[in-house]
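In what follows, a single structure is set out as structure tokens and then discussed.
The values are calculated or read from the model by the stated rules, or taken from the named source; none is laboratory data. Please read these numbers as outputs of a predicted model, since none were measured by experiment. Methodologically, a virtual Cβ is constructed for each residue, glycine included, from the backbone with ideal geometry; neighbour enumeration extends over all protein chains shown. Areas reflect the complete protein model, heavy atoms only, side chains present, ligands, DNA and RNA absent. Shrake-Rupley method; radii C 1.70, N 1.55, O 1.52, S 1.80 Å.
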Amino acid sequence: MKHLIITLLTLAACLGPQARAADTVGDNPYLNETPAQHDARMKWFREARFGMFIHWGLYSQAAGKWDGKATSGAGEWMMNDMQIPDSQYAKLVPQFNPVKFDARAWVQLAKSAGMKYIVITTKHHEGFAMYPSALTDWCLKSTPFQRDPLKELSVACQEAGIKLCFYHSIMDWHHPDYLPHKPWNDQANANPDFERYVTFMKGQLKELLTNYGPIGLLWFDGNWENSWNYERGADLYKYIRGIQPDLIVNNRVGQDRNGIAGTTSGQERVGDYGTPEQTIPANGFGPGVDWETCMTMNDTWGFKTDDQNWKSTQTLIHNLVDIASKGGNYLLNVGPTGEGLIPDASIERLKEIGRWMEVNGEAIHATTASPFDRQLPWGRCTRKVEGDSTTLYLHVFDWPADGKLFVPGLMSAAQSAGLLADANATLKTETGERGTTVYLPPTAPDGISSTVVLKFAGTPEIVAVPIFQQDDGSVVLPAREARLHGATIQYETTGGRDNIGYWLNPADWADWDLAVKQPGKFTVTAQIAAPALTSFELSVAGQTLRCGAPVTANYDAFETVALGNVEISAAGKVTLSLHALKGGWQPMNVKSVGLKPVTANP
Ligand code: FHN
């Protein structure tokens, strides 16, 4: 968990300010593209919304075990985590013979799941090229498998209309000239020359971008070591787009701290889109920023026999919907075995996702982010604008028992309302002072997520709806109605949760709008779960309370904490916000904030 928090905090720090496409970097014509040219290049990516990540390498043969011992980390990190010298790790080479590899079957599985692109590891950190490279023997041609899986995938993808994309690691634990040198790497040169390594890497990239047809995108990784920097990233970006100008390149071509989605100001950003990993940002990154969350289906990227911690299909579909509703892509990983088989548990989930996408795919593909300023209490929204008409797809996770789906802030009457699962369904809608109610049939068409379709002429009016006081003057601000700000803070619903969570970055924060009709003094409480002492600020109507929360057993053990008193002296809309207090902050989960009028002393 600690590693995850550090990783997430790193990512959180890296996904702050809005990223933009790679600006003009140097004099390369491929970088001075106009916004229209950039949009044309990014079009397929933005419409895809869903892709397959494939981590396949020598590590797949090891399956997470070495000399009978299981690695504690991810399968593809075994060489590093168990500090296996190259000379010993090389014993995997004669063992690697994935005779059951079937490119068409892999591509068909992706296509049937509704995936529009495949990103496969051409070389992971172990340095082993998963194709017959002319530049090294540390590649597939040295194994009994005398085929070229990238060539076979290229043919299968072109037949199926799927974009073939390549992952390539900058970090290379094997290459004798790579720096920093890994102490357990016994193949190093006495005088390693990193420039020679970069030339080698460019040579392999040229092989990959010359021999396998048009490649959709280059997914760089392993860019975080001090041998890599912005200048090298910009140079590499120019180099590969000089080979395939229409190529899209992720932001890990740049140096980690600078290259990921524009952490630095000025010109130091490289790459075309951001790459949150194993996390879904709270709100996306706003209009004009392209991003993609990559995620494992269990806990490892590369195959591990022991890793059977599979996410449910419900979680995977909710992730896909959540990401699309925030304007991002979902790159979902499979880790094939050393025999060339995708694990059955992955196949099962992808087929279930495919059945859902057959009915609901139009609410994912070629959609844009939700027009609502906060998460909807029952699910998510995606949008399509075609000509002067707008379609809102309401993804209903929690089907209302009373059949009334309230859409807060939707103030325009829909021209039509229906269900993607039933072309004959015509739903009644009613628009009131706080939003629109859609009257639904008693049973949800899909137990995971059902899609309600609202069509509008022009652009529907959507307003930010404050939360109103109860008749007794009290008000509860629930997590699901909070506006969340930042890269990792999010509203959690998995496992029955209903709280603000993943508040790992103290720069993230939350706020609510409330409509006060009965001003006065209020006692403030909050339902908080925090495994470590934490401190934060609550601000409303010009007052700030410095608050602390007691330690609770875990992130799901909520306690109601008294935070103090505030006065709201005038009726009207006010915003109540929660901010971490630097120095005393530790992650905490919040279920709600409550205000109760202070009754005059009896
Ligand atoms: O170290 C790699 C890891 O093995 C995996 O490839 C992920 C996928 O995004 N990227 C790096 C960790 O951030």
What are the pairs with Cβ atoms under 9 angstrom where one residue, in the range 215-234, is without any contact (Cβ under 8 Å) to a residue 40 or more places away in the chain and the other, located anywhere, is away from the ligand (no atom under 14 Å from the Cβ) and not in a loop (DSSP other than H, G, I, E, B)? Sequence gap at least six, or different chains. Asn229/Asn258; Arg232/Val198; Gly233/Asn258
Selected residue (only one of Glu152, Glu195 is open to solvent by 10 Å² or more (accessible area, probe 1.4 Å), of a type in the set (Asp, Glu) and within 26 Å of Ile347 (Cα to Cα)): Glu152
Return the only residue of Tyr197, Tyr178, Tyr167, Tyr131 being in contact with a strand residue (DSSP E or B) (Cβ under 6 Å, 6 or more places away or on another chain) and over 20 Å from Gln108 (Cβ atoms). Tyr167
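Every residue, every condition in (1) buried (at least 17 other Cβ atoms within 10 Å of the Cβ); (2) within 14 Å of the ligand (Cβ to nearest atom); (3) assigned to a loop (DSSP other than H, G, I, E, B), yes or no:
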{"residue": "Phe53", "(1), (2), (3)": "yes, yes, no"}
{"residue": "Trp56", "(1), (2), (3)": "yes, yes, yes"}
{"residue": "Ser60", "(1), (2), (3)": "yes, yes, no"}
{"residue": "Ile84", "(1), (2), (3)": "yes, no, yes"}
{"residue": "Phe101", "(1), (2), (3)": "yes, no, yes"}
{"residue": "His125", "(1), (2), (3)": "yes, yes, yes"}
{"residue": "Phe145", "(1), (2), (3)": "yes, no, yes"}
When the range 476-490 is examined, which residues are found to be small (Gly, Ala, Ser) and surrounded by fewer than 23 Cβ atoms within 10 Å (Cβ to Cβ)? Gly486
Select, from Ser133, Ser154, the only residue that is under 20 Å from Leu92 (Cα atoms) and either of a type in the set (S, T, N, Q) or not in a loop (DSSP other than H, G, I, E, B) (or both). Ser133
Tell me, which residue of the range 72-82 that is open to solvent by less than 10 Å² (accessible area, probe 1.4 Å) and either under 26 Å from the mean Cα position of the chain (by Cα) or closer than 16 Å to Pro343 by Cβ (or both) is nearest to the ligand (Cβ to nearest atom)? Glu76
Return the only residue of Asn319, Asn360 being in contact with an Asp or Glu (Cβ under 9 Å, 6 or more places away or on another chain), polar (S, T, N, Q) and either surrounded by fewer than 22 Cβ atoms within 10 Å (Cβ to Cβ) or over 24 Å from His55 (Cα atoms) (or both). Asn360
Does Pro377 satisfy being closer than 30 Å to Lys521 by Cα, open to solvent by less than 40 Å² (accessible area, probe 1.4 Å) and either in contact with a helix residue (DSSP H, G or I) (Cβ under 6 Å, 6 or more places away or on another chain) or at pLDDT 95 or above (or both)? yes
Only one of Phe53, Phe96 that is touching a helix residue (DSSP H, G or I) at 6+ places or on another chain (Cβ under 6 Å) and not hydroxyl-bearing (Ser, Thr, Tyr): Phe96
Given (1) within 30 Å of Ala40 (Cα to Cα); (2) loosely packed, with under 15 Cβ neighbours inside 10 Å; (3) charged (D, E, K, R), where does Asp186 come up short, assuming only one miss? (1)
Scan of the range 307-340 for residues that are under 28 Å from Pro98 (Cβ atoms) and of a type in the set (Gly, Ala, Ser), ordered by number: Gly335, Gly338, Gly340
Which of the residues spanning the range 494-506 are more than 14 Å from Tyr555 (Cβ to Cβ) and either open to solvent by 30 Å² or more (accessible area, probe 1.4 Å) or not assigned by TED's automatic domain parsing to the domain that holds Pro587 (or both)? Pro506
Select, from Gly327, Gly338, the only residue that is at positive phi and more than 13 Å from the ligand (Cβ to nearest atom). Gly327
Could you say whether any residue in the range 345-363 is in a loop (DSSP other than H, G, I, E, B) and either at pLDDT below 95 or not charged (D, E, K, R) (or both)? no
Could you check how many residues of the range 294-336 are more than 16 Å from the chain's Cα centre (by Cα) and aromatic (Phe, Trp, Tyr)? 2
Checked against (1) more than 16 Å from the ligand (Cβ to nearest atom); (2) open to solvent by 10 Å² or more (accessible area, probe 1.4 Å), Lys311 satisfies every condition except (1)
